[in-house]
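Have a look at the structure below, then the notes.
The values are calculated or read from the model by the stated rules, or taken from the named source; none is laboratory data. Being a predicted model, the structure only gives us computed values, none of them experimental. Please note: Cβ atoms are built from the backbone with ideal geometry, for glycine as well, and neighbour counts cover all protein chains shown. SASA here: full protein model, heavy atoms, side chains in, ligands and nucleic acids out. Shrake-Rupley method; radii C 1.70, N 1.55, O 1.52, S 1.80 Å.
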Amino acid sequence: MKIAVSSDLHLDLNHADVAEIITQQAHYLTSHGIDHYFFVGDAFNDFEQTSAYFAELQSQLPTTKVHYLAGNHDMLKGVTYEQLENLDDDLYFHNRFIDIPQTNRRIIGNNGWYDYSFSTYENNVEEVAKWKRAYWVDRPIVQSMNDPERMAIVLHQVEEDLEQAHNQQK
(Lines give C-alpha, C1' and ligand atoms only; values in the text may rest on other atoms or scores of the structure.)
Protein backbone atom coordinates (compact mmCIF):
# COMPACT_ATOMS: atom_id res chain seq x y z
CA MET A 1 0.00 0.00 0.00
CA LYS A 2 1.26 3.47 -0.86
CA ILE A 3 0.20 6.52 1.11
CA ALA A 4 0.87 10.22 0.66
CA VAL A 5 0.59 12.86 3.37
CA SER A 6 0.59 16.64 3.02
CA SER A 7 -0.57 19.76 4.83
CA ASP A 8 -0.60 23.54 4.74
CA LEU A 9 -1.65 24.23 1.18
CA HIS A 10 -3.22 27.57 2.24
CA LEU A 11 -4.77 27.81 -1.20
CA ASP A 12 -6.72 31.00 -0.53
CA LEU A 13 -3.82 32.79 1.14
CA ASN A 14 -1.55 31.75 -1.72
CA HIS A 15 -4.09 32.91 -4.33
CA ALA A 16 -3.82 29.54 -6.03
CA ASP A 17 -5.85 28.43 -9.02
CA VAL A 18 -7.83 25.80 -7.12
CA ALA A 19 -9.03 23.89 -10.19
CA GLU A 20 -5.46 23.68 -11.50
CA ILE A 21 -4.11 22.50 -8.13
CA ILE A 22 -6.77 19.78 -7.96
CA THR A 23 -5.83 18.64 -11.46
CA GLN A 24 -2.13 18.59 -10.54
CA GLN A 25 -2.75 16.72 -7.29
CA ALA A 26 -4.99 14.16 -8.96
CA HIS A 27 -2.36 13.56 -11.65
CA TYR A 28 0.43 13.19 -9.10
CA LEU A 29 -1.50 10.82 -6.84
CA THR A 30 -2.68 8.69 -9.75
CA SER A 31 0.67 8.56 -11.55
CA HIS A 32 2.42 7.50 -8.33
CA GLY A 33 -0.12 4.78 -7.55
CA ILE A 34 -1.13 6.27 -4.21
CA ASP A 35 -3.77 4.20 -2.44
CA HIS A 36 -4.55 6.65 0.38
CA TYR A 37 -3.92 10.40 0.46
CA PHE A 38 -4.03 12.07 3.88
CA PHE A 39 -4.27 15.84 4.13
CA VAL A 40 -3.62 16.89 7.72
CA GLY A 41 -4.80 20.48 7.82
CA ASP A 42 -4.85 24.05 6.53
CA ALA A 43 -6.20 24.00 2.98
CA PHE A 44 -8.33 27.16 3.28
CA ASN A 45 -9.44 29.67 5.91
CA ASP A 46 -12.96 28.28 5.50
CA PHE A 47 -14.00 24.71 6.25
CA GLU A 48 -16.72 24.71 3.59
CA GLN A 49 -14.07 25.41 0.94
CA THR A 50 -11.81 22.74 2.43
CA SER A 51 -14.58 20.15 2.35
CA ALA A 52 -15.56 21.07 -1.22
CA TYR A 53 -11.92 20.91 -2.34
CA PHE A 54 -11.41 17.36 -1.11
CA ALA A 55 -14.77 16.21 -2.47
CA GLU A 56 -13.74 17.50 -5.91
CA LEU A 57 -10.28 15.97 -5.61
CA GLN A 58 -11.82 12.61 -4.68
CA SER A 59 -14.12 12.78 -7.70
CA GLN A 60 -11.04 12.94 -9.95
CA LEU A 61 -9.29 9.97 -8.36
CA PRO A 62 -10.43 6.56 -9.61
CA THR A 63 -8.34 4.49 -7.19
CA THR A 64 -6.92 6.80 -4.50
CA LYS A 65 -8.97 7.32 -1.33
CA VAL A 66 -8.79 10.86 0.07
CA HIS A 67 -8.84 11.59 3.82
CA TYR A 68 -8.62 15.06 5.33
CA LEU A 69 -8.36 16.67 8.74
CA ALA A 70 -9.08 20.26 9.72
CA GLY A 71 -6.21 22.49 10.74
CA ASN A 72 -6.69 25.68 12.71
CA HIS A 73 -7.02 27.71 9.49
CA ASP A 74 -9.75 25.42 8.15
CA MET A 75 -11.63 26.04 11.40
CA LEU A 76 -11.72 29.84 11.03
CA LYS A 77 -15.01 29.96 9.13
CA GLY A 78 -17.81 27.71 7.93
CA VAL A 79 -17.85 25.18 10.77
CA THR A 80 -18.45 24.93 14.50
CA TYR A 81 -16.57 22.85 17.05
CA GLU A 82 -19.62 20.59 17.39
CA GLN A 83 -19.76 20.06 13.62
CA LEU A 84 -16.05 19.21 13.55
CA GLU A 85 -16.60 16.56 16.20
CA ASN A 86 -19.61 14.98 14.47
CA LEU A 87 -19.26 15.60 10.74
CA ASP A 88 -20.90 13.07 8.43
CA ASP A 89 -18.42 13.10 5.54
CA ASP A 90 -16.73 9.91 4.36
CA LEU A 91 -13.54 11.82 3.49
CA TYR A 92 -13.24 13.58 6.86
CA PHE A 93 -10.77 11.60 8.97
CA HIS A 94 -11.21 13.09 12.47
CA ASN A 95 -11.86 10.37 15.08
CA ARG A 96 -11.59 7.67 12.44
CA PHE A 97 -8.99 5.09 11.49
CA ILE A 98 -7.82 2.89 8.66
CA ASP A 99 -6.24 -0.50 9.13
CA ILE A 100 -3.47 -1.23 6.65
CA PRO A 101 -4.31 -4.55 4.93
CA GLN A 102 -2.07 -7.53 5.63
CA THR A 103 -0.37 -5.73 8.54
CA ASN A 104 -1.11 -4.94 12.16
CA ARG A 105 -0.75 -1.20 11.40
CA ARG A 106 -3.49 1.38 11.92
CA ILE A 107 -3.60 5.04 10.90
CA ILE A 108 -5.61 7.13 13.35
CA GLY A 109 -7.02 10.54 12.46
CA ASN A 110 -7.48 13.44 14.85
CA ASN A 111 -7.61 17.18 14.19
CA GLY A 112 -5.52 17.82 17.28
CA TRP A 113 -5.15 21.16 19.00
CA TYR A 114 -2.46 23.24 20.70
CA ASP A 115 -0.31 21.32 23.18
CA TYR A 116 1.40 23.88 25.38
CA SER A 117 3.27 21.26 27.39
CA PHE A 118 6.23 21.87 25.07
CA SER A 119 6.35 25.59 25.86
CA THR A 120 6.83 28.02 28.69
CA TYR A 121 3.06 28.70 28.50
CA GLU A 122 2.06 25.28 29.80
CA ASN A 123 0.71 26.54 33.13
CA ASN A 124 -0.20 30.07 32.12
CA VAL A 125 -3.63 29.97 30.47
CA GLU A 126 -4.09 33.74 30.86
CA GLU A 127 -0.84 34.53 29.01
CA VAL A 128 -1.82 32.21 26.17
CA ALA A 129 -5.25 33.82 25.93
CA LYS A 130 -3.66 37.30 25.84
CA TRP A 131 -1.33 36.43 22.95
CA LYS A 132 -4.01 34.53 21.13
CA ARG A 133 -6.41 37.49 21.24
CA ALA A 134 -3.67 39.83 20.03
CA TYR A 135 -1.88 37.92 17.28
CA TRP A 136 -2.98 34.39 16.46
CA VAL A 137 -4.92 33.78 13.27
CA ASP A 138 -7.32 31.43 14.99
CA ARG A 139 -8.52 33.95 17.56
CA PRO A 140 -12.00 34.09 15.94
CA ILE A 141 -12.62 30.35 16.39
CA VAL A 142 -15.57 30.01 18.73
CA GLN A 143 -15.32 27.20 21.24
CA SER A 144 -16.87 26.64 24.64
CA MET A 145 -13.52 25.87 26.28
CA ASN A 146 -9.98 27.18 26.48
CA ASP A 147 -7.09 25.63 24.58
CA PRO A 148 -5.82 23.38 27.41
CA GLU A 149 -9.34 22.02 27.93
CA ARG A 150 -9.67 21.32 24.21
CA MET A 151 -6.26 19.65 24.17
CA ALA A 152 -7.38 17.44 27.07
CA ILE A 153 -10.32 16.27 24.94
CA VAL A 154 -7.96 15.57 22.02
CA LEU A 155 -5.62 13.58 24.26
CA HIS A 156 -8.52 11.56 25.63
CA GLN A 157 -9.74 10.79 22.11
CA VAL A 158 -6.28 9.70 20.97
CA GLU A 159 -5.70 7.62 24.11
CA GLU A 160 -9.00 5.80 23.52
CA ASP A 161 -8.11 5.20 19.86
CA LEU A 162 -4.67 3.88 20.82
CA GLU A 163 -6.14 1.63 23.52
CA GLN A 164 -8.67 0.23 21.06
CA ALA A 165 -5.90 -0.39 18.52
CA HIS A 166 -3.78 -2.10 21.16
CA ASN A 167 -6.70 -4.29 22.22
CA GLN A 168 -7.16 -5.29 18.59
CA GLN A 169 -3.43 -5.96 18.29
CA LYS A 170 -2.84 -3.01 15.95
Completion exercise
Quick tally, 1.4 Å probe accessible area for VAL158, VAL128, VAL40, sorted with the most first, runs VAL40, VAL158, VAL128
Handout entry: Solvent-accessible area per residue for the chain (1.4 angstrom probe, square angstrom)
Key = 58 Å²
Exercise for the section: Please report the relative contact order for the range 1-82, taking Cα pairs under 8 Å with a sequence separation of at least 6, and give it as a percent rounded to a whole number. Expected result: 36 percent
Exercise for the section: Only one of the values [x] 11, 39, 34, 16, 1; [y] 9, 29, 29, 21, 10, 2; [z] 9, 34, 34, 19, 4 was calculated from this structure for P(r) over Cα pairs in 10 Å bins from 0, in percent; name its label. Expected result: [z]
Handout entry: Cα-projected label distance for GLU85 with SER7, points at 7 Å along beta-carbon direction, nm
Key = 2.2 nm
Exercise for the section: Grab the beta carbon distance between ILE153 and ALA16, set R0 = 30 Å, and tell me the FRET efficiency rounded to 0.05. Expected result: 0.40
Problem - Per-bin percent of Cα-Cα distances, the range 41-138 [10 Å] - result: 13, 37, 31, 15, 4
Handout entry: Gaussian network model of the chain, Cα within-10 Å springs - most flexible of SER31, SER51, SER59
Key = SER31
Completion exercise
Hull volume per residue for the range 77-131, using the convex hull of the C-alpha atoms, in Å³ is 127 Å³
Fill in the blank from the handout: Under a Gaussian network model of the chain whose springs join Cα atoms within less than 10 Å, the largest fluctuation of GLN83, GLN49, GLN25 belongs to GLN83
